[in-house]
1. What number of residues in segment 137-160 are surrounded by fewer than 16 Cβ atoms within 10 Å (Cβ to Cβ), within 18 Å of L111 (Cα to Cα) and in contact (Cβ under 8 Å) with a residue 12 or more places away in the chain?
2. Name the helices (runs of 4 or more DSSP H) wholly inside segment 28-125 in which the number of residues that are more than 30 Å from P147 (Cα to Cα), modelled with pLDDT under 90 and more than 28 Å from the chain's Cα centre (by Cα) is 1 or more.
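The values are calculated or read from the model by the stated rules, or taken from the named source; none is laboratory data. Keep in mind that this is a model prediction, so the values were computed, not measured. Heads up, the Cβs are rebuilt from the backbone with ideal geometry, glycines too, and the neighbour counts pull from every protein chain shown.
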Amino acid sequence: MRRWLGRSTGDRPLAVLLGLAAWALVGGWAGPAAGLLAGGAAWRLLPRVRSPDERRGAAEHEWLVRQLPLTAELLAACLGSNGSPAEAAAAVADSVPSPMRDRLSQVATRLALGAGPERCWGQLADECRPLAPLARCLARTSLSGAPPAAALAGLAQSQRAAAARAAHARVRRAGVLATAPLGLCFLPAFVLIGVVPVVTGLTTAFSQRV
């Protein structure tokens with residue numbers, strides 16, 4: 001539950017402040033409802049403030065995900081030309097920028113020292129979650145003895161499709177975040193102009209009948 005909240009909820013102090021501001025602006029018996037609505041909307045829609053370590057980790061994660069399709073295709077080309085796993089990892093490491101270069105250089109060093117490909121790629125999958133699909137694909141093909149080119153090409157294609165879907169999701173989220181402040185500004189006016197007169201009229205009519 002805590003992990004889910006950390007990913008999907010907004011900044012707590014800012015959400016509380018917005019809720020209190022809406023409460024004070026509306027006032028009366030409708031104030032708490034407006035405050036809860038404004039605070040809840042801010043909690044869900046506003047981005048969470050992250051620490052510097054979290055921002056660096058997120059940036060590295062994003063770069064590795066972006067570099068993964070090209071890396072898979074380069075590894076497929078190197079391994080398809082009868083290169084050894086150590087030579088392929090070293091050659092691709094020299095061809096890509098960091099942080100992918102650092103990860104592949106570590107794998108190439110372990111392979112050159114005589115470690116088994118399955119163990120090296122499995123260790124990479126455990127240490128680096130963004131590269132886990134690539135590492136598991138290479139570990140499976142190493143165990144089965146199947147040519148890795150087709151599996152790596154399929155992995156690159158699926159990763160590019162996933163990146164396109166993620167980009168579309170970010171665009172939709174940006175639209176929601178752009179309209180959220182406007183909605184929070186109009187919410188008190190809607191409560192005062194639309195809800196309060198109706199409730200007041202119903203209360204007055206009910207009290208007259210009684």
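1. Number satisfying all stated conditions: 1.
2. Output list reads 31-45.
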